[in-house]
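The structure appears below as structure tokens.
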Amino acid sequence: MYAANKRSKTSVARTVQAIKSLFHYLTVETEDADTQEPYFNRNVMLKITVDLELESKSRRIKRIEKKTYKSDEIDELLEFISGEYAATLSSRELPYFEMNKVRDLAILAVLFRSGIRGNELVGLKLKDVYMKNRYLDVIRKGDKVDSVAIRPSSLTYLANYLNQRSMIYNVKETYPYVFVAKAPDGTVKQMSNQTLIRLVKKYTQAYGKEITPHKARYTFSKQYQLEGGTLIGLRDQLGHQNIETTSLYTTESMAEQKDVVNRMDNEEIDMLPIRRQIKK
């Protein structure tokens, strides 16, 4: 007898959420051209609940933190690729790496230092890059155009790549897509999301801490938070539709929580002599 593979609770939850989004769209956002009313009058998916494993936001973030980078680790990763990585490659792999090195450094710098999604990065066009004003235009979910700030250090890597792109990949300077890839048959085209995922995995695995392009968003979010960025600002930078989603990226680590709690205890100790004097 055929036994279907059991789907994880997370996979089921994502499927249900996708259907809920569809029903929300049909009952709230769309309207019939003749009646000016939504296509559906009732959202039956509101009654559907999902049985998820109990996990607090704090616990979830702490689990994810093991797969994110600190700011100094990003610098170390880029330095590793610039210097030591070549020594780990075979004579067959080395030429391919040397050809793509400048591009790959630019990709990682933009990904880690802007917080944009992987598909937003591979869809980036030359007209979307504003070097002087230090921001990028990206296509968000739903084909919405949005502008995001980017750290100046990333633009240095990006400018270096764009100055050499035509020569390395033999494409016209006006070729629209920023990040290109050369196929085995020699043709050059826009980089795919699958290629980006493999690229990030390859370098981060060699560095010793493998992550995905999506986890790079958590890395950026953490640094944004540490530098005093607001939750609303982070929401807009990440392209979230609601603040609740953004809040999943902003919980403090256990080490930070311990530091705050320890400071609270020290302040209590410092106040004890004053309180004794008052009582006297």
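The values are calculated or read from the model by the stated rules, or taken from the named source; none is laboratory data. What you see is a predicted model, and the numbers here were worked out from it, not measured in a lab. Note that each Cβ is placed from the backbone with ideal geometry, even for glycine, and that neighbours are counted across all protein chains shown. For the accessible areas, the whole protein counts, side chains as well, though only heavy atoms, and no ligand, DNA or RNA atoms are used. Shrake-Rupley method; radii C 1.70, N 1.55, O 1.52, S 1.80 Å.
Before moving on, here are some points about what is shown:
- Å² of accessible area per residue within segment 137-192, as computed with a 1.4 Å probe and no ligands counted: 59 Å²
- Ligands, DNA and RNA left out, the 1.4 Å accessible surface of segment 107-196 is 50% carbon and sulfur atoms.
- Stretching Thr195 away from Asp75 to a fully extended chain increases their span by 40.9 nm, per 0.36 nm per residue minus the current alpha-carbon distance.
- The overall shape of segment 83-222 is oblate: from the C-alpha gyration tensor, with semi-axes ordered a ≥ b ≥ c, the ratio a/c is 1.5 or greater and a/b is no larger than b/c.
- A simple packing score, the average count of other Cβ atoms within 10 Å per residue, orders the peptides 104-113, 213-222 as 104-113, 213-222, with the highest score first.
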